[in-house]
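Note sheet for the following structure.
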Amino acid sequence: MKRVELLINDSLYNEYMRRIEEEEREAKFCHHDFHHHLDVSRIAYILVLEHNDLKYFIKECGLTGKLAAKEVIYAAGLLHDIGKWKEYKAGVDHAVYGSRLARDILPRAFFNPNEVDIICRAIYEHRNISKDMSFLGERLHRADNLSRNCSECEYRSQCTKVKNKEISVSTLEY
């Protein structure tokens, strides 16, 4: 996955990851670090594979094959929270802002315009489930929720995701 490696080594990606780390230095829970991004990527890919949806995803999105599909899924997972630092700083929606940031990073890793659109739409959609969301947006949303073991977290009572019921038993069902 050469393009994913290029993405991970990209200077802009690393700058935004550094900003997230800086903003979360004092946070006790739900860090949006590289491990979280990689977990979301892997879980999203597993969800697609477990439901035998890879061929469907390739055809629906006009992708060139399995490797391109895997790279698109991983890129979406690795970038889904890239705008989180701006949410901390200015209160903007990190999904909306992150989708804009991703549009600058993805071409640098040789993702084509179609792939950029697919990834950025999924990033934009990942916060809230809806009936109109894209295939990848829905998988990314589920993967993001599944990546956190909130029921075991000692800081659960302080968590806004738990308070807003974005994490529930129903989100763990797939």
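The values are calculated or read from the model by the stated rules, or taken from the named source; none is laboratory data. Bear in mind that the values here come from a model prediction, so they are computed numbers and not experimental data. As a convention, Cβ positions derive from the backbone with ideal geometry for all residues, glycine included, and neighbour counts pool all protein chains shown.
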Study note, to complete from the structure: Considering the stretch 94-136, residues that are among the charged types (D, E, K, R) and at pLDDT 95 or above, and then whichever is surrounded by the fewest Cβ atoms within 10 Å (Cβ to Cβ), we arrive at Asp104
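Residues that are of a type in the set (A, V, I, L, M) and within 13 Å of the chain's Cα centre (by Cα): which helices (runs of 4 or more DSSP H) entirely in the stretch 7-64 hold 2 or more of them? Step through it out loud before you land on a result.
Values: elements: 11-23, 34-50, 54-61.
In the stretch 7-64, the matching helices (runs of 4 or more DSSP H) lie at 34-50.
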Revision key, fill the gap. Of the listed residues (Val40, Val48, Val72, Val4), the one being more than 19 Å from Leu101 (Cβ to Cβ) and among the β-branched types (Val, Ile, Thr) is Val48
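Sort out which residues of the stretch 44-56 are closer than 19 Å to Ala143 by Cα and either charged (D, E, K, R) or surrounded by fewer than 19 Cβ atoms within 10 Å (Cβ to Cβ) (or both), and write them in order of number. Before you say what the answer is, go through the steps one by one.
We begin by selecting, within the stretch 44-56, every residue closer than 19 Å to Ala143 by Cα; these are 44-54, 56.
Scanning the stretch 44-56 gives Ile46, Leu47, Leu49, Glu50, His51, Asn52, Asp53, Leu54, Tyr56.
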Exercise for review: Could you check, for the stretch 49-62, whether at least one of its residues is in contact (Cβ under 8 Å) with a residue 60 or more places away in the chain and closer than 14 Å to Val4 by Cβ?
Suggested key: no
Check your understanding: Do the conditions hold for Arg139, that is, is it at pLDDT 95 or above and either in contact with a helix residue (DSSP H, G or I) (Cβ under 6 Å, 6 or more places away or on another chain) or within 18 Å of Asp33 (Cα to Cα) (or both)?
Key -> yes
